[in-house]
1. List the GluC sites (Glu not before Pro) within region 25-133 that DSSP assigns to loop and that have no more than 12 neighbouring Cβ atoms inside 10 Å.
2. What relative contact order, as a whole-number percentage, does the chain give when Cα pairs under 8 Å and 6 or more residues apart are counted?
3. Under a GNM of the chain (C-alpha, springs under 10 Å), which listed residue has the highest mean-square fluctuation: GLY40, GLY151, GLY119?
4. Mind telling me which of LEU145, LEU203, LEU192 comes out most flexible in a GNM of the chain, alpha-carbon contacts under 10 Å?
5. Loop by DSSP (not H, G, I, E, B), at most 14 other beta-carbon atoms within 10 Å: where is the longest site-free stretch of the chain for trypsin sites (Lys or Arg not before Pro)?
6. What do you get for the angle between helix 131-140 and the principal long axis of the chain? Use alpha-carbon atoms, 0 to 90 degrees, nearest ten.
7. Return the calculated 222 nm mean residue ellipticity for the chain, to the nearest 500 deg cm²/dmol, obtained by summing -39500 (n - 2.57) across DSSP H runs with n ≥ 4 and dividing by the residue count.
8. Please check: in the Gaussian network model of the chain (C-alpha springs, under 10 Å), which one of PHE123, PHE37, PHE50 has the largest mean-square fluctuation.
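Any read-out appearing in this document is the output of simple, stated calculations on the displayed coordinates, not a laboratory observation. Computed from a predicted structure; not experimentally measured. Ideal geometry is used to build each Cβ from the backbone, glycine not excepted, and the neighbour counts take in all protein chains shown.
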Amino acid sequence: MEVMRHYPEYKESGIEWIAEIPAHWESKKLGHVSTIFKGGTPKRNVDRYFQGDLPWARPIDITALQGAMYIQDTEIHITEEALNNSAAKRLPQGTVLLTSRATIGETAITTVPMATNQGFANFVCNEQLFNVYLAYYLQAIKELLISLGSGSTYLEVTKGTLVGVRIPLPPLSEQTQIANFLDHKTEQIDNLIAIENQKIELLKEYRQSLISEAVTGKIDVRNEP
C-alpha cells in the first residue's frame, strides 16, 4: 500500500463520523448544495406510457451496472405523457441517482436525460458541488444511509432526511482533483480484482477437471500422497 500525504491543518467538521476535515474545507447540508428529486411510476395499466424514448430507471438498472459509475440506458422507456401523468420527472444529464428504498445506497450518474421510479433520490448539483465527487461521497456513506432508513415493510431513506445529511466540501477545483484521483485508483483496483477473479475461475475449472479425471480413471493416483 502506498503512503498518502496528509493536509497540513485540520478543523472540526461538525460531522460525527468524520470528526476533522482540512482547515480550508467547509461542511454543508446536501440540501444546500443540490436539489433532490424523487421519482415516480406511471400507471402500469396504460401500455402507451411505456412505449416512449425516455429511459426510466429502476433500482435493478443500477445494480446491473455492478459498480460502474455511469448509466446511459435502462430496460424500460416512457413517454412525455407518462411524465405528465405521474410523479416521475425528467432529470438532466449529470444527475446523481441514489437508490433510497429497499436497496439503499447504490449510485450512478446519468449520461443522458432520464427519469426514475420512486425507489430513488436524485441529486442535481448546484455550482458548489461536482457530481462525481458527490457520487463518491454517497458511496463512502452507504452504511450511514442504510442506518438512516426507516419503514415497516421495507427501509427507505427519505428526501427529508437526505437534505440534512452533511457533506465535507472542498473548493470545486479540489473536488475535481479528488474525483479524478479516485477514478484512476479505483480503475487500477478494479483491474486487479478482475485479474484475481480470472485466476479464481481458472482454479475452479482445474479443481472440477481434477475431480472428474480422478473418479473416471483418466489419471492414476495410486502412488500419490
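1. Numbers: sites: GLU26, GLU75, GLU80, GLU81, GLU106, GLU127; in loops: GLU75, GLU127.
Filter output for region 25-133: GLU75, GLU127.
2. 21 percent
3. GLY151
4. In the Gaussian network model the winner is LEU203.
5. Answer - 91-217.
6. 60 degrees
7. -10500 deg cm²/dmol
8. Sorting by GNM fluctuation, first place goes to PHE50.
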